[in-house]
1. Quick one: Phe401, Phe329, Phe288, fewest Cβ neighbours within 10 Å first, how do they rank?
2. Under 10 Å, Cα contacts only: if you run a Gaussian network model on the chain, which one of Gly233, Gly356, Gly272 comes out with the highest mean-square fluctuation?
3. Find how much the distance from Glu76 to Glu321 grows on full extension, using 0.36 nm per residue of separation minus their present alpha carbon separation; answer in nm with one decimal.
4. Mind ordering 46-53, 139-146 by average Cβ neighbours within 10 Å, highest first?
5. Restricting to the chain, what percent of DSSP beta bridges are antiparallel, rounded to 5?
6. Show which lysines lie in cross-link reach of Lys408 when reach means a straight Cα distance below 18 angstrom and same-chain residues fewer than eight apart are skipped.
7. Suppose every K and R has +1 on its Cβ and every D and E has -1 on its Cβ; what is the size of the dipole of the chain about the Cα centre, in Debye to the nearest 20?
8. So if I take the alpha carbon set of the chain, get Rg, then get Rh from the Kirkwood formula, what is the Rg over Rh ratio?
Amino acid sequence: MSSGPVPLAERARTVVPGGVNSGQRNVPGLGDLVITGTGGARFRTADGREFTDFHAAFGPPLLGHNDPDVARAAAETGATLGHMGVGVTEGEVLLAEQLVELLPSVEKVLLTSTGSEATFHALRVARAATGRRLVVKFQGCYHGWHDSVSLNVISEPAKVGGHDPISTGILTEVLDSTLVLPFNDSAAVRHAFAELGSDIAAVIVEPVPHNVGALLPYEEFLTTLREETRRAGSVLVFDEVITGFRHDLGGWQRISGVTPDLTTLGKAIANGAPVGAIGGRADLMDLFSTRPGAPAFFAGTYNGHPGVVAAALATLRKLREEPVHEHVFRLGERARTELRELYARLGVPVTVAGYGSVFVTYFMDGTALDGGVPRTYEDLLANDAARFVGYRRRLLDHGLFELPLNLKRSHISYAHTDEDVDRLLEGTEAAVKAVLAE
Ligand code: PMP
């Protein structure tokens, strides 16, 4: 006997496996989250709730959700210029010119629709250029869903040090062609290159592994990657899908002064429109088949989509003309400092880490860590996952949203205000007290 309309989330589960369109949206304990509206630092759900959003869609909306200037630019372009899939548009050239100007490593650039496509092509062209087989990645880094990098992101302690695929269905040969090393361990990198350097096509790294919150790199670690790859003739890839534009318009490469051979971008460069980019040394980029006769096949129906490009150009304009970084860095610093003070007052040992607009509270005593912050994946093994997720679930009761998945970072956008940070601090205090009382 029917008793009214079937809820949307239930209909979704009938026709969409699990009811959501990404494995990362399958979040235990969240309940049915049917999103009906977003704006600035907020979103609304079908059951009438409104949240202040510190998740920010895993990072793209640095300016805030549906920034009016970005939305207008995309809509205006969409009204007069559809996607043709042949030739080139002015916007693509303007965007490429700015990426070349801003990112030290980028001499030429190609657009994709996602970050995964960008990292996929970075590894393909590295293999094409070197004729080599092996790829080096680091425990805790995520570079998208494709086979060569689908291993050792968030691993159980027993799996750290071995191969830990995040998916079934990947050929053993492919997994075996990826070497996993500990992040920030220069000796391990030197050792791998001494043993296998002539087989290593590429080293791919998130210069700040934000997919496990925030591990800040030792300067000497990134320098070692640069030296070893250069000496061995391997390609160094900085995956700046998160760090690019969010931390600096020149990416972490400008902050660190270490220039990779290739850079991958995504997320914040178009404030939420589906985009990715791969750029780098002209001799490597010229191997892509967008150049007649070049050997490394590169394609994508939606690459350079005019609406997405317009969103990226409008995002860039705002990032260059308005004090966006100043604002998000100030609020990020305030959030980290006052969260530390709050937990100290509550007597709860935590480690608040992050950089710029990114913050994350690990539930572990960080006093013995180097500089009081985690630097290696192994440092994070002390984090109490139940508390990490538990307080975030409780935050929902206070209209605050930080993704309740272990080790996930949170973000501040240009749309957040000091009042939002006040609200975060008050809600966190109540949520943590509730978790402690459980
Ligand atoms: N690289 C990094 C560092 C990422 O964080 C992500 C996405 N979380 C990707 C690549 C993949 O990007 P996308 O989801 O757009 O394919």
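Derivation of every value follows stated rules applied to the coordinates shown; laboratory data play no part. These numbers were taken from a predicted model, which means no experiment stands behind them. Don't worry about glycine lacking a Cβ; one is built from the backbone with ideal geometry, like all the others, and counts go over all protein chains shown.
1. Values: Phe401 23, Phe329 16, Phe288 20.
In order of increasing Cβ crowding within 10 Å: Phe329, Phe288, Phe401.
2. The residue that fluctuates most here is Gly233.
3. Values: separation 245, 0.36 × 245 = 88.20 nm, distance 2.06 nm.
This chain segment gains 86.1 nm when fully extended.
4. Numbers: 46-53: 15.9, 139-146: 22.2.
Most protected by this proxy first, the peptides run 139-146, 46-53.
5. Details: 26 of 45 bridges.
Expressed as a percentage, antiparallel bridges in the chain total about 60.
6. The reachable lysines, counting only those whose Cα sits under 18 Å from Lys408, are Lys267.
7. Working: 40 positive and 53 negative charges, 110 e Å.
Value, rounded to 20: 540 debye.
8. Values: Rg = 21.7 Å, Rh = 22.6 Å.
Ratio of gyration radius to Kirkwood radius: 0.96.
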